[in-house]
Amino acid sequence: MNQDLYQFALRLADTSLTMGQRLAEWCGHGPYLEEDVALTNVSLDLIGHAQMFYQLACDNSETSTSPDDLAFLRDVPEYRNPLITELPRGDFAYTTLKQYFIDVYHLHLYQQLSVSSDEQLAALAQKALMEVKYHLSRSEAWCQRLSLSTEEAHEKMQKALDDLWFYTPELFETDESMQRLMTASVIPDMGAIQTVWQQQTEQLLEDCQLAKPENGWMATGGLVGEHTEHLGYMLADMQFLQRAYPGCEW
Amino acid sequence: MVMSGLTARQVLAWLQAVKDPEIPVISIQDLGVLQAVEITNEQIVVKIIPTYSGCPAMYVIQDEIRQTLAEHGQHEVDIQLLNTPAWNTDMITARGRAAMKLYGIAPPISASDQVIQCPQCGSEKTTCISQFGSTACKALYRCESCLEPFDYFKCHA
């Protein structure tokens, strides 16, 4: 069970860390000052969540490790985030819609995890949930604001949706390890999370007058460490200091 | 060894000097970050919780707790950063809210109080400029009466 929880904690932490890192790239590039500050504040929250879940992974690890080691010394095949979170940040519409999809996912996932049979996991999920609710109210408002404003903004949102939609089913994938956790009520039934996620997001797309793409190719691979080429570049950037100066602190 | 006769109450009184690095008028006790002090034979145990999970001020706060206790001759200190209870704005004391308002930050509203008042002029005509301000725990507002922008300490529950 410990090994399963270790793997699942990495899934949560890697998802939040890659999201947080991509948002941090907006620092100094936001559409205006207040929004620049908001983007990096959300980034900070997500990196905070990653740190909590890496600690959970450490507490369930068979070998001695630290949150920093897990973030900075693992390579691409060891990362377990879904592919959507490692995609390049794109334009503001793309970042906004991706954020919205992940916020809704986190909302329902953490709501269920906060009643997990594992007390530590439940406490961390409850803490993260409070912050995610606020993230969602912001990303949802921005989706509406962009989609229902100018033609150009609407077009960019539709383009973002056409690109991102096929990466979303991967969020709900499970492997044998997660299924054991589901049986033990440590984690919720991911299929049920997917159902509420779809209801909520499809309602917003309709409100925003965005057309959901026809079903087609679906991305997969994160759970088995098969990633897009983008993750390698992200890690090269993020891990440079620890790789070049092992153990460096400031 | 901790000096004999030292009480948790005394340590809490010393720790009133440790303020939030971002809002230097409110103590970590009034903010709800400082949860408990326990004295064992060997050391002083200080239990703290983070406000927001990624809050970078937690490192500074830990340093300041050590420094403050060192000034009182206490060097055997164990600071525990806990994840439970999850911090929320109801943990901010009335004294903390009053200090915040005097400092120019609108304190978080409670369930019975739905309007965010301008901390400068007290006007109730205020609008949100950005859902995030200078730190994760604040949002940016503007007063429509005196036209001053101000930070609002977000309700977090």
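Here is how the numbers come out for the structure above:
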{"item": "Every pair of residues 6+ apart whose Cβ atoms lie under 9 Å, when the first sits in segment B:25-47 and is farther than 16 Å from residue B:13 by Cβ while the second is among the acidic types (Asp, Glu) and surrounded by 20 or more Cβ atoms within 10 Å (Cβ to Cβ)", "result": "B:26/B:20; B:31/B:20; B:33/B:20"}
{"item": "Odd one out for residue A:105, checked against (1) of a type in the set (Phe, Trp, Tyr); (2) more than 19 Å from residue A:90 (Cβ to Cβ); (3) away from chain B (no Cβ under 12 Å)", "result": "(2)"}
{"item": "Selection status of residue B:61, in contact (Cβ under 8 Å) with a residue 40 or more places away in the chain, under 13 Å from the mean Cα position of the chain (by Cα) and more than 10 Å from chain A (Cβ to nearest Cβ)", "result": "yes"}
{"item": "Members of segment A:17-45 found to be in a helix (DSSP H, G or I) and either of a type in the set (Phe, Trp, Tyr) or in contact (Cβ under 8 Å) with a residue 60 or more places away in the chain (or both), listed by number", "result": "A:17, A:18, A:19, A:21, A:22, A:23, A:38, A:42, A:45"}
{"item": "Out of B:93, B:135, B:127, sole residue that is within 14 Å of another protein chain (Cβ to nearest Cβ), in contact (Cβ under 8 Å) with a residue 60 or more places away in the chain and among the β-branched types (Val, Ile, Thr)", "result": "B:135"}
{"item": "Residues of segment A:28-81 that turn out to be touching a helix residue (DSSP H, G or I) at 6+ places or on another chain (Cβ under 9 Å), among the polar types (S, T, N, Q) and more than 12 Å from chain B (Cβ to nearest Cβ), as a count", "result": "6"}
{"item": "Among residues of segment B:80-109, those that are of a type outside the set (A, V, I, L, M, F, W, C), over 19 Å from residue A:126 (Cα atoms) and not in a helix (DSSP H, G or I), counted", "result": "6"}
{"item": "Filter result (acidic (Asp, Glu), in contact (Cβ under 8 Å) with a residue 60 or more places away in the chain and not in a loop (DSSP other than H, G, I, E, B)) within segment A:213-236", "result": "none"}
{"item": "Subset tally (residues that are out of contact with any helix residue (DSSP H, G or I) (no Cβ under 6 Å at 6 or more places or on another chain) and among the aromatic types (Phe, Trp, Tyr)) for segment A:160-186", "result": "2"}
{"item": "Of all residues in segment A:108-123 being in a helix (DSSP H, G or I) and in contact (Cβ under 8 Å) with a residue 40 or more places away in the chain, the one that is nearest to the other protein chains (Cβ to nearest Cβ)", "result": "A:120"}
{"item": "Candidates A:128, A:184 - the one that is at pLDDT 95 or above and within 12 Å of another protein chain (Cβ to nearest Cβ)", "result": "A:128"}
{"item": "Unique match (being within 24 Å of residue B:138 (Cβ to Cβ) and assigned to a helix (DSSP H, G or I)) among A:94, A:105, A:100", "result": "A:100"}
{"item": "Matching residues, segment B:138-157, being buried (at least 16 other Cβ atoms within 10 Å of the Cβ), more than 7 Å from chain A (Cβ to nearest Cβ) and within 26 Å of residue B:84 (Cα to Cα)", "result": "B:138, B:139, B:152, B:153, B:154, B:155"}
{"item": "Failed criterion for residue B:52 (all others in (1) surrounded by fewer than 20 Cβ atoms within 10 Å (Cβ to Cβ); (2) within 14 Å of another protein chain (Cβ to nearest Cβ) hold)", "result": "(1)"}
{"item": "Residue check for residue B:76: outside the structural domain of residue B:120 (by TED's automatic domain parsing), over 20 Å from residue A:52 (Cβ atoms), surrounded by fewer than 20 Cβ atoms within 10 Å (Cβ to Cβ) and in contact with a Lys or Arg (Cβ under 9 Å, 6 or more places away or on another chain)", "result": "no"}
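Each row is one residue, and each column tells you yes or no for (1) surrounded by fewer than 17 Cβ atoms within 10 Å (Cβ to Cβ); (2) within 14 Å of another protein chain (Cβ to nearest Cβ); (3) touching a Phe, Trp or Tyr at 6+ places or on another chain (Cβ under 6 Å).
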site	(1), (2), (3)
B:80	yes, yes, no
B:88	yes, yes, no
B:106	no, no, yes
B:122	yes, no, no
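The values are calculated or read from the model by the stated rules, or taken from the named source; none is laboratory data. These numbers were taken from a predicted model, which means no experiment stands behind them. Glycine gets a Cβ as well: all are built from the backbone with ideal geometry, and neighbour counts include every protein chain shown.
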